[in-house]
Structures are given as structure tokens and as C-alpha cells.
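Everything on this sheet refers to the single structure shown next.
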Amino acid sequence: MVDVDTIAAISTAPGIGAIAVVRVSGPGALEIYHRLIPARTDPPAPRFADFVELRDPVDESVIDRAVVTFFRSPASYTGEDLVEFSCHGGHLVPALVLEACVSAGARRAEPGEFTRRAYLRGKLDLVQAEAVADLIEARSRVLHRAAIAQLDRGLSVRIGSLRQEILQLEAMLAHHIDFPEEDDVPVPIEGIAERASDITASLDRLLRTAPEGELLREGALTVLAGRPNAGKSALYNALLGRDQAIVTEEPGTTRDALEAVVQLGGFPFRLVDTAGLRVAEGRVEQLGIEVARRYLASADMVLLCVPRAEGLGEMELEFLRGVEAPVVVVWTKGDLVNDSDAARALVAEGPDGVAAEVVLSSITGDGLDRLQDLLPGLVYSELLAAAEAPVITRRRQSRAIRLASEELSAFSAGLLAGLPPEVASAHLRPAETALEEILGVISVEDILDVVFREFCVGK
């Protein structure tokens with residue numbers, strides 16, 4: 001269903017700034033333009049920025065002097081007539097401009113409603129619409145690059161191509177069903193099953209990017225753990241590039257978890273500095289340790305900090321046995337150890353659970369570059385291997401691809417097991433439908449609600 005009313009919203013982030021943009025879209029956009037700019041009686045030139053005086057349509061008082069741009073349908077973001085008022089920023093002026101638009105006949109937009117209208121009018125497919133949100137939310141160069149690729153229809157083209165291949169399978173199978181007596185068929189049953197397996201393999205390659213692609217949006221949860229005074233907070237500050245965690249020689253200084261997002265090699269990591277693991281001496285410290293353990297339970301990566309001069313103790317070995325995430329042993333305080341002591345600090349045979357180890361000093365910076373270069377490959381290996389290939393960044397996308405893969409696997413297995421083609425073909429339409437849902441070829445209202453409810457209001 002295509003909306004017919006006119007919507008308005010502040011499209012820039014709230015707060016103090018030089019400029020704010022108020023956007024109006026719909027059949028009444030041009031009328032609202034004239035209501036707020038009574039001095040302009042002629043139709044505005046499309047895509048021409050005009051410096052104007054905005055007036056309240058109720059009492060004709062001056063609201064602001066602003067730049068206004070008119071985009072005529074269908075050559076606009078939404079595919080509708082669209083007006084953008086670039087007014088002074090801050091809290092009051094944009095709010096007054098928006099209120100004036102509402103007084104002139106607009107409705108306040110819902111989250112994601114502008115992009116939803118763009119989708120409904122064929123300006124974007126559903127993958128491109130999600131890419132708009134990813135681009136706005138991007139915290140890393142890699143997510144930015146993936147979002148741009150999706151806006152350029154990289155993923156859409158790949159999904160569309162796989163859907164077309166499934167349609168070809170249906171056509172081949174229909175030939176077998178309609179003309180079973182013919183010996184000379186375009187593709188034998190075994191060949192059709194093989195083609196289905198090839199499509200499944202392509203879907204599975206896409207699917208392998210999903211876990212890491214989803215991490216791009218929030219950052220891989222990277223927990224710094226270890227004994228008190230093991231150098232966790234110093235390493236946290238070094239990776240962050242600024243002093244945020246308090247570093248002292250007193251055990252138990254870190255009571256609550258500190259969290260920040262940092263880019264390493266263009267990939268986002270959500271660093272968490274946790275309380276030192278030990279038997280707590282007080283209730284507050286105990287609560288801090290409990291928080292640390294909760295973070296560890298959901299971690300994507302753990303940096304186990306161990307002073308190089310002390311080596312692995314029973315606490316660290318017990319820790320390694322209980323952690324499921326990949327662990328990098330970070331030998332801290334490397335500047336305090338001479339060469340004769342180095343050997344006993346290193347992991348001799350590599351305990352289970354240790355993905356890598358790095359010797360560093362947070363004071364001198366030695367070893368920090370190696371750690372920063374190491375981590376992306378341990379967490380984002382599939383994305384690094386995929387290079388410029390399309391990346392799955394949404395659970396909605398991965399669920400649909402997984403369903404398509406499962407249906408195609410069942411199809412090819414059924415054919416090879418001797419199922420009648422009519423029976424096996426029942427798996428093809430669900431696979432095709434799953435891919436159609438990714439693109440939004442079939443418009444399911446519940447799917448649209450999931451996609452657009454996460455958007456900001458002005459988009």
C-alpha cells in the first residue's frame with residue numbers, strides 16, 4: 001500500500017549545530033512550501049537551492065531565514081514531491097519549522113517512513129533500504145564499505161541472480177514432469193540435483209559472512225580479563241588511544257565494566273575493561289567480578305592479560321578451560337622483564353583455548369601494533385577472505401538465506417533419493433520466496449515493520 005498523506009520530520013540529529021534539515025514529503029509538499037514561504041508565488045525550480053524567509057502559516061511571524069530545495073516527483077529520495085528546509089540548528093528553530101509544517105497540513109513522520117516510502121515507490125529495494133540504516137549507524141570503515149556496496153545493489157544483484165537460478169531449476173523440472181517419455185532432455189535429474197547443490201553452496205558462502213557481518217553494526221565484544229594489576233586498564237587505554245580507565249597499583253581499582261568502541265584495521269571492536277578475577281574482599285568488588293563474568297559469557301574475543309614476569313598460574317589455566325570465545329594471551333608489562341626472564345613467561349605448548357599470544361608494553365607501546373594487526377583476522381576472518389564480495393549484515397537476511405539453503409538441500413537430496421520430481425519440487429517455491437523476501441519482491445507488512453522500525457525519524 002502506498003501512502004497518500006504528507007509527512008514531515010527533522011532529519012538531522014538533535015542538539016546544537018549550525019544547520020538542521022526539516023524534510024517534507026508527499027502530495028501536499030508543494031502547498032506547504034507556499035504556506036511557509038508566502039513571498040514565493042511562482043512554483044519553485046526543482047533542485048534549486050533558494051534563500052528564503054520562513055513564516056508561521058498561522059500568524060505569519062518570521063521563524064527563520066533558511067535555504068529551501070524542492071524535489072519534484074519522481075526525482076526525489078522518496079519518489080514523491082519533497083521539500084527540504086535547511087534552517088539554523090539548535091533545539092528551538094528546527095522544532096518551530098516542523099511545527100509550522102504540521103500546521104500547514106503535514107503529519108509527523110514515523111521512524112523510517114521516508115525510506116519506507118522510497119521502497120514502496122520502487123526507488124530502493126529492501127536490501128538497499130537496510131543499507132541506508134547501516135550507513136547511518138556505521139562505526140567502522142568496513143561496515144561503511146559494506147553499506148555502500150549494498151546501496152550499489154551488490155547484494156541485491158547476487159540474491160536476484162540466485163533467485164533466477166532457482167527459477168531455471170523449476171523450468172528444467174517442469175520439462176521432466178510434462179514430458180517424462182522423452183529420452184533426450186535438456187538436463188538429466190542428476191544434473192538438476194547438482195545445479196541445486198551449486199546454488200546451495202553459493203548461498204552457504206553468503207551465509208558464512210552473516211555472523212561477522214552482524215558484528216560490524218555493534219562491534220565484536222572484546223573483553224579484557226585477568227588478575228588484578230595484570231595491566232588490563234593500561235591495555236584498554238592504549239587500544240583506545242586515550243586515558244579512560246583508572247590505572248593504579250591498588251588491587252580492585254576497576255569495579256564496574258568500562259566499555260568503548262574502537263576501530264582496528266577498519267573493523268569495530270567493543271572493548272570492555274573488567275574487574276580483576278580473584279576472590280572478592282567486599283560486596284562492591286564481588287558485584288564487579290560478577291559483571292565481568294557475564295561479559296565473558298557472551299564475548300566474541302577475550303584478551304587474557306598476564307604479567308610477563310609472572311607467567312600462567314592456576315587461575316589463568318582454570319580460566320582458559322571455562323571460556324568458549326577465542327582467547328589471546330597478552331603478556332603485559334613487557335618493559336619490566338629482561339631477556340633472561342622471557343622464556344618462563346611464554347606459553348610453552350599453547351593451552352587449549354589460546355588462539356594467539358602477544359608480548360607488549362602499554363607504557364612503551366612495544367607489541368601494540370602486532371596486537372592491533374592480529375585481532376581482525378581472529379574475529380573477522382570470513383569478511384577478510386570474502387574481500388569485495390557481498391556481506392550479510394542483518395539477521396533477517398541470514399534467516400531467509402538459511403531457509404533457502406535448507407529447502408534447496410532437501411530438494412537435491414530428494415531427487416537423488418528417487419523422489420518423484422513433482423514431490424521434490426515442493427521445496428523450490430519456498431526457497432524462491434525466501435530470497436524474494438530479502439529483496440522485498442513480495443511485500444509482507446510484518447517484514448516491512450521489522451526493517452523500518454529501527455530507523456531514525458527523519459529517514
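The values are calculated or read from the model by the stated rules, or taken from the named source; none is laboratory data. Please read all numbers here as calculations on a predicted model, not as lab measurements. Cβ placement follows ideal geometry from the backbone for every residue including glycine, while neighbour counts extend to all protein chains displayed.
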In segment 391-400, anything surrounded by 22 or more Cβ atoms within 10 Å (Cβ to Cβ) and over 26 Å from residue 355 (Cα atoms) is listed as 394, 397, 400
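Let's see how each residue does on (1) surrounded by fewer than 24 Cβ atoms within 10 Å (Cβ to Cβ); (2) aliphatic (A, V, I, L, M); (3) closer than 26 Å to residue 312 by Cα:
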site	(1), (2), (3)
205	yes, no, no
228	yes, no, yes
232	no, no, yes
238	yes, yes, yes
Flagged in segment 178-203 as surrounded by fewer than 16 Cβ atoms within 10 Å (Cβ to Cβ) and modelled with pLDDT under 90, in numbering order, are 178, 179, 180, 181, 182, 183, 184, 185, 186, 188, 190, 191
Condition test on residue 60, is it among the charged types (D, E, K, R), in a loop (DSSP other than H, G, I, E, B) and either in the same structural domain as residue 112 (by TED's automatic domain parsing) or over 17 Å from residue 81 (Cα atoms) (or both)?
-> yes
Of all residues in segment 139-170, how many are out of contact with any Pro (no Cβ under 6 Å at 6 or more places or on another chain), touching a residue at least 60 places away in the same chain (Cβ under 8 Å) and not in a helix (DSSP H, G or I)?
-> 0
Which of the residues belonging to segment 35-55 are closer than 20 Å to residue 74 by Cα and either part of a loop (DSSP other than H, G, I, E, B) or more than 36 Å from the chain's Cα centre (by Cα) (or both)?
-> 43, 44, 45, 47, 48, 49
Tally the residues that are out of contact with any Asp or Glu (no Cβ under 6 Å at 6 or more places or on another chain), more than 13 Å from residue 22 (Cβ to Cβ) and either in a helix (DSSP H, G or I) or modelled with pLDDT of 95 or more (or both), restricting the search to segment 106-116.
-> 3
